[in-house]
Amino acid sequence: MKKTPRGAGEGALSIGVMGGTFDPIHYGHLVAAESAYESFCLSRVLFVPAGDPPHKQPQEVTAASHRLEMTRLAVADNPHFHASSIEVDRDGVSYTIDTMRCFRRKFGPDARLYFITGVDAVLQIPEWHNAEGLLEICSFIAATRPGYPLSEVIRFKEQLPSHHRERITVLEVPALAISSTDLRHRVSSGRSIKYLVPEPVEEYIRREELYR
Ligand code: NAP
């Protein structure tokens, strides 16, 4: 991929929007964001915990305030990472199109917007609210892990019209073998999550007695 100097020239603002339930946020998410930041010469990455995820029942998900706080703690030591409460503050179901429209207004028509998320989530995009509109206003970075069957993503992209196909790039991220589901199971069965999440997140989970 051709790299351009970060922040150089007119309209060079490139914003990564890292979307996820982040229940909890872990090093896989952070490595994926850092890797996207580097590979796509992003100006910054905004971490957006889903307030009310459209595809999950509210009782399946930890309170948004906890997920936002863990996200804030996780990104605090990285100057080009920021936590955004945009979806947590917004009433109703957290549709990605609404979030990206807000960022489009905020950063202007020339900014490049990249929505970064897991490849499994990207494969579901056609079912998302106003998927067509979303692919018009931003590009997608699909974070995957080594050994992931890329044939699935290739088949998925082939089914899209060509102007949408080029909107999706796959980014292979080594540490994504960590999963939030596994972390919740580990905590509930009294196993360690040390070195899988940043220490302040681990402390927060312990203090707030999450995932017991
Ligand atoms: P998910 O189904 O929980 O996650 C799918 C897979 O992607 C999981 O393996 C997950 O790992 C991984 N993943 C999730 N976010 C990631 C990230 N930022 N970077 C790398 N891997 C990531 O999907 P989700 O997290 O709830 O949803 C992902 C995003 O899509 C959210 O922002 C959500 O709001 C959006 N979404 C929008 C719509 C819509 O607008 N209608 C519908 C569905 C999803 P972990 O479990 O370890 O995170």
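The values are calculated or read from the model by the stated rules, or taken from the named source; none is laboratory data. Predicted, not measured: the structure shown is a model, and the values here were computed from it. All Cβ positions, glycine included, derive from the backbone under ideal geometry; neighbour counts span all protein chains shown. Only protein heavy atoms, including side chains, enter the accessible area calculation; ligands, DNA and RNA are left aside. Shrake-Rupley method; radii C 1.70, N 1.55, O 1.52, S 1.80 Å.
Applying the criterion of being polar (S, T, N, Q) and closer than 18 Å to Lys56 by Cα to the residues of region 85-124, the residue that is surrounded by the fewest Cβ atoms within 10 Å (Cβ to Cβ) is Gln124.
Sub-9 Å Cβ pairs linking a first residue in region 57-76 that is touching a residue at least 40 places away in the same chain (Cβ under 8 Å) to a second residue that is among the acidic types (Asp, Glu) and surrounded by 22 or more Cβ atoms within 10 Å (Cβ to Cβ), at least 6 apart or interchain, are Val61/Asp23; Thr62/Asp23; His66/Asp23; Arg67/Asp23; Met70/Asp23, ordered by first then second residue.
Restricting attention to region 93-111, the residues that are within 12 Å of the ligand (Cβ to nearest atom) and either in contact (Cβ under 8 Å) with a residue 12 or more places away in the chain or in a loop (DSSP other than H, G, I, E, B) (or both) add up to 8.
In this entry, Gly28 is excluded by the filter for residues that are open to solvent by less than 30 Å² (accessible area, probe 1.4 Å) and over 26 Å from Glu172 (Cα atoms).
Within region 172-199, the residues that satisfy the criterion of being surrounded by fewer than 17 Cβ atoms within 10 Å (Cβ to Cβ) and either at pLDDT 95 or above or at positive phi (or both) are Thr181, Asp182, His185, Arg186, Ser188, Ser189, Gly190, Arg191, Ser192, Lys194, Tyr195, Glu199. The single condition among (1) within 15 Å of the ligand (Cβ to nearest atom); (2) at pLDDT below 95 that Thr71 does not meet is (2).
Under the condition of being at negative phi and more than 12 Å from the ligand (Cβ to nearest atom), the residues counted in region 22-56 number 7. Assess whether Val45 counts as being open to solvent by less than 50 Å² (accessible area, probe 1.4 Å) and touching a strand residue (DSSP E or B) at 6+ places or on another chain (Cβ under 6 Å). So Val45 fits the description; yes.
In region 125-140, the residues that are part of a helix (DSSP H, G or I) reach residues that are open to solvent by 10 Å² or more (accessible area, probe 1.4 Å) and aromatic (Phe, Trp, Tyr) with C-beta atoms within less than 7 angstrom, at least six apart or across chains, in these pairs: Leu134/Trp128. Checking each residue in region 48-84 for being among the small types (Gly, Ala, Ser), crowded, with 16+ Cβ neighbours inside 10 Å and part of a loop (DSSP other than H, G, I, E, B) picks out Ala50, Gly51, Ser84.
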